[in-house]
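For reference, the structure is listed below as structure tokens.
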There are 2 protein chains.
Amino acid sequence: MKTVTCTAPVNIAVIKYWGKRDTELILPTNSSLSVTLSQDILHSKTTISAAKEYTQDRLWLNGKEEDITKNKRMHNCFRETRAIRKAMEDKAASEGNPIEPLSTYHLHVCSENNFPTAAGLASSASGLAALVFTLAQLFELTISTSEVSRIARQGSGSACRSLFGGFVAWEMGQKEDGSDSVAVQVAPESHWPELEALICVVSDAKKGTSSTAGMQSTIKTSTLMKERINQIVPARMEAMKKAILERDFQTFAELTMRDSNQFHAVCLDTYPPIFYMNDTSRAIIQLIHEYNASSPDGKLKAAYTYDAGPNAVIYAPKEHMPEIIQLIGHYFPSNKEPSEFFADPYNVTQGTKLGQDFIPKTHTNFNEKVIPVQPAGSVSRLLHTKVHDGPRVLSEADSLLNAEGLPKRLA
Amino acid sequence: MKTVTCTAPVNIAVIKYWGKRDTELILPTNSSLSVTLSQDILHSKTTISAAKEYTQDRLWLNGKEEDITKNKRMHNCFRETRAIRKAMEDKAASEGNPIEPLSTYHLHVCSENNFPTAAGLASSASGLAALVFTLAQLFELTISTSEVSRIARQGSGSACRSLFGGFVAWEMGQKEDGSDSVAVQVAPESHWPELEALICVVSDAKKGTSSTAGMQSTIKTSTLMKERINQIVPARMEAMKKAILERDFQTFAELTMRDSNQFHAVCLDTYPPIFYMNDTSRAIIQLIHEYNASSPDGKLKAAYTYDAGPNAVIYAPKEHMPEIIQLIGHYFPSNKEPSEFFADPYNVTQGTKLGQDFIPKTHTNFNEKVIPVQPAGSVSRLLHTKVHDGPRVLSEADSLLNAEGLPKRLA
């Protein structure tokens with residue numbers, strides 16, 4: 001029995017992926033670019049074991065067994081990685097140095113997120129990235145990380161961006177077979193360590209449209225989408241890469257906010273329209289614009305972005321994070337115990353009460369009435385995190401499977 | 001002393017006006033098309049008197065005197081109509097048949113809306129239309145209604161569309177002096193009397209961006225706006241005119257909803273983004289789409305549209321209005337006396353309790369859980385109205401000014 005355990009991070013796009021040109025292979029209609037967030041705060045963890053004795057492939061997700069044959073996308077990832085392993089085994093055999101025929105063994109897969117799936121925090125991206133990265137480790141595939149990302153892409157489009165740390169572009173590619181639709185690292189996390197993120201988990205009663213269904217509806221019905229795909233995103237990709245390479249937060253911030261808004265604009269231009277942001281999401285946007293507008297030197301200090309849900313992710317340089325957390329903490333008061341509400345592994349608030357000194361001292365023109373203080377609990381959780389590394393290989397002690405290849409914990 | 005009193009209606013666009021190519025003359029970046037709603041329900045009423053004895057132009061708006069010299073746009077309308085009157089007077093004098101030199105008299109203007117200005121119900125459109133129409137009557141201008149609309153346009157862009165009843169296009173025009181940027185009637189109200197409207201006044205704490213500032217910000221910053229202006233609206237204008245002429249509610253409804261959504265999409269694509277709809281607005285949208293989707297014959301039965309505010313206007317054929325009112329009444333319960341909440345001059349609910357039979361009997365697939373029942377008061381008022389006529393000249397008895405040329409009522 002061979003067992004490997006890995007974790008993969010969540011990534012949050014600053015140039016958004018929305019629309020597939022091939023739904024089977026998951027090939028996008030435009031390139032996208034994301035920032036990889038620390039696995040210390042959010043990650044998917046996957047253990048895979050291969051054993052001759054196993055009689056079938058089995059899968060446990062967050063402690064519950066699932067029927068792996070019904071998960072076509074995951075199945076694609078199995079098939080692709082096994083095929084590469086098989087080629088390696090055949091080559092090794094033909095050279096007289098046979099290796100273990102892992103490609104013929106059944107697999108046990110156990111995967112967990114350290115955050116609730118329902119929170120809408122890109123769990124499928126980190127989950128599929130962890131799966132494919134772990135498969136690549138288990139099979140000892142001698143392929144580049146971009147090649148691994150090509151396989152992960154077929155599991156969940158944005159998963160390909162979770163194969164790298166730092167700043168990651170998913171180049172849409174041109175080929176029909178998708179072989180050039182892969183993720184590449186624009187810059188590692190060490191390039192711009194000052195960049196941090198604050199995730200505001202926004203409470204929402206309603207379940208939004210799934211992104212798989214939503215994006216194809218936009219492609220089919222939005223009359224503005226073509227302009228975005230053909231003209232706007234290509235130019236923004238180049239500008240965003242340059243901004244990252246130059247650590248130019250002004251351009252990074254403006255492009256991030258503009259692209260988030262445009263993604264939600266094409267959702268609204270979809271017929272019937274798709275809504276992901278709610279009144280709380282919009283209040284955060286207005287607050288961040290007021291915070292930036294009252295910045296003493298006229299410079300942007302924070303940028304919001306929203307995926308296919310109401311949660312905000314606020315990117316900001318480390319130096320501004322304490323005041324941003326105070327600001328959000330004031331206008332979006334908690335109805336929970338502080339420790340339940342705010343995860344502050346970097347201790348930025350240094351023991352001060354959240355939301356107490358909410359107007360930054362230097363922001364003399366800050367309009368306190370930009371939004372009313374929102375009902376307690378409108379934001380249910382704040383997570384402070386930062387740009388960090390790509391998938392990690394963990395030790396045997398971290399395995400989610402026991403010696404029998406069964407989950408140590410069940411839900 | 002010569003006195004004239006007129007009313008002008010509210011119009012609600014189905015192809016939206018958003019963006020000026022000339023802010024001075026109020027020339028739009030695209031044509032637009034609207035439906036004129038009944039003055040029985042909503043109107044602006046204006047009395048203007050001219051007298052040799054008056055020592056200055058005076059203006060009372062909703063019972064409060066305002067400084068007319070500070071209202072540049074209104075001033076433009078005075079100047080233009082006086083100039084035409086002056087030319088008529090000169091011509092008459094030169095022909096030996098002098099007419100009263102009204103163009104040299106000061107004017108007293110008294111204007112009232114029969115609905116709260118703050119409700120965001122296009123009060124500036126009806127108000128300026130009433131002003132200019134009354135001036136044209138007072139001065140007995142021998143110009144076409146489209147010419148009157150050209151003048152009203154300079155007071156408030158969409159006011160030009162309130163000069164006609166029925167279905168009205170504001171053709172953007174091409175000339176720099178704006179002489180071809182006028183309203184024309186696509187069809188009179190008698191053409192499609194079955195079309196009715198339900199106005200849902202949505203409660204909203206925050207004051208949105210003024211449309212004057214908002215539209216110029218969109219023009220300057222939205223990267224999607226060019227496509228809308230140059231490609232999408234021109235095609236939609238033609239399709240909408242055809243739909244109206246053919247009384248094709250299916251096309252009318254789909255275009256109306258798509259264009260409302262696209263207008264709000266370009267607002268969201270503006271930097272910083274502009275939001276006019278709130279969670280209540282969006283809940284109404286989702287409800288209408290569910291109502292349409294569950295329609296037994298697969299046909300659209302209602303169409304929503306939103307201007308620069310959270311209020312919904314629902315257009316629907318008369319036959320569906322009773323069930324639409326029950327539907328809205330159920331999901332958006334009132335916290336007021338029924339008569340304060342629902343204006344039903346056409347008695348469509350015929351005494352049944354609002355919201356009681358909210359699922360149309362024929363809608364067997366209607367998903368009751370599409371939205372939760374909203375907090376009481378989310379919609380503060382329902383007004384049932386229909387397509388109706390253009391400005392009306394009233395009798396002396398309706399004058400807002402007394403024999404001394406002063407308001408009969410002050411606020």
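Values quoted throughout were computed directly from the atomic coordinates according to the rules given, and no laboratory measurement underlies them. Just so it is clear, the structure is predicted and the values come from calculations on it, not from any experiment. No Cβ is skipped: glycine too gets one built from the backbone with ideal geometry, and neighbour counts run over all protein chains shown.
A few notes on this one:
- Whole-percent pair-distance distribution, where bins are 10 Å wide, for the alpha carbons of the range A:1-150: 10, 37, 35, 14, 3, 0
- Label-point spacing for B:Glu66 across the identical copies (point 7 Å from Cα in the Cβ direction), in nm and ascending order: 6.0.
- Cα-based reach from B:Lys2 at 17 Å (exclusive), listing aspartates and glutamates while leaving out same-chain residues under 8 positions away: B:Glu53, B:Asp57, B:Glu89, B:Glu100, B:Glu140, B:Glu396, B:Asp398, B:Glu404
- Each other copy places its own label point for B:Pro375 at 0.4 nm from this one, sorted shortest first, where the point lies 7 Å along the Cα-to-beta carbon line.
- Per residue of A:216-228, other chain Cβ atoms within 10 Å of the residue Cβ number 3 on average.
- Placing dummy labels 7 Å off each Cα toward the beta-carbon, the span from B:Glu140 to A:Asn347 is 8.9 nm.
- The alpha carbon centroids of the range A:24-95 and the range B:322-342 are separated by 53 Å.
- Computed from Cα positions, the angle between helix A:72-94 and the longest principal axis of chain A comes to roughly 40 degrees.
- Classified by the C-alpha gyration tensor, the protein assembly as shown has a prolate form. Its axis ratio a/c, with a ≥ b ≥ c, is 1.5 or above, and a/b is larger than b/c.
- Residues B:Val348, B:Val266 arranged by fewest to most Cβ contacts within 10 Å: B:Val348, B:Val266
- Comparing B:Gly157, B:Gly165, B:Gly178 in a Gaussian network model of chain B, where Cα atoms under 10 Å apart are tied by springs, the biggest mean-square fluctuation is seen for B:Gly178.
- Cα-based helix-to-principal-axis angle, A:321-331 vs chain A, degrees rounded to 10: 70
- Set of lysines near B:Lys226 by C-alpha distance (under 16 Å), chain-local residues within fewer than 8 positions excluded: A:Lys226, B:Lys16, B:Lys20
- Top of B:Asn278, B:Asn71, B:Asn114 by mean-square fluctuation, Gaussian network on chain B, Cα under 10 Å: B:Asn71
- Rounded to 10°, Cα long-axis angle of helix B:279-293 versus longest principal axis of chain B: 60
- For the range B:153-263, the Cα-based Rg and Dmax, in that order, read 15.7, 41 Å.
- Zone of B:Arg73's modelled label, taken as backbone nitrogen in the range B:208-230 under 19 Å from a point 7 Å along Cα→Cβ: B:208-220
- Additional length obtainable on full extension of the chain from B:Ile99 to B:Gln356, 0.36 nm per residue less Cα span: 86.3 nm
- The protein assembly as shown, helix-only ellipticity at 222 nm - DSSP H runs n ≥ 4, -39,500 (n - 2.57), divided by all residues, nearest 500: -9500 deg cm²/dmol
- Cα gyration tensor category, rounded, prolate or oblate, for the range B:254-337 with a/c compared to 1.5: oblate
- Per-residue shielding of B:259-267, expressed as the average number of other chain Cβ atoms within 10 Å of the residue Cβ, stands at 5.
- The ranking of B:Ile244, A:Ile151 by Cβ neighbour count inside 10 Å, starting from the fewest, reads B:Ile244, A:Ile151.
- Residue among A:Ala213, A:Ala283, A:Ala316 with the largest mean-square fluctuation in a Gaussian network model of chain A, springs linking Cα atoms under 10 Å: A:Ala213
- The longest part of chain B holding none of the exposed loop GluC sites (Glu not before Pro), meaning those outside H, G, I, E and B in DSSP with at most 15 other Cβ atoms within 10 Å, is B:247-403.
- Least to most buried among A:Lys241, A:Lys318 (fewest other Cβ within 10 Å first): A:Lys318, A:Lys241
- Additional length obtainable on full extension of the chain from B:Tyr54 to B:Ser203, 0.36 nm per residue less Cα span: 49.4 nm
- Estimated Rh, chain A: Kirkwood, alpha-carbon pairs, angstrom: 22.2
- Here the label points at B:Ser395 and A:Lys242, each 7 Å from Cα along the C-beta direction, are separated by 7.2 nm in the simple model.
- Hydrodynamic radius (Kirkwood) for the range A:334-411, which is based on Cα pairs only, to one decimal in Å: 17.2
- Antiparallel bridges, percent of DSSP beta bridges restricted to the protein assembly as shown (to nearest 5): 90
- Loop-resident sites, the range B:57-134, for chymotrypsin sites (Phe, Trp or Tyr not before Pro), counting at most 10 other Cβ within 10 Å (DSSP): none
- Anchor A:Lys207: lysines whose Cα lies under 18 Å away (excluding residues fewer than 8 positions away in-chain): B:Lys369
- Bridge type composition, the range A:195-386 - antiparallel percent by DSSP, nearest 5: 90
- Distances in nm from A:Tyr346 to the matching label points in the other copies, shortest first (labels 7 Å along Cα to Cβ): 5.9
- Computed on the range A:245-382, with alpha-carbon pairs under 8 angstrom and 6+ residues apart, the relative contact order is 26 percent.
- Estimated from the Cβ-Cβ distance and a Förster radius of 30 angstrom, the FRET efficiency linking B:Gln286 and A:Ala411 is about 0.40.
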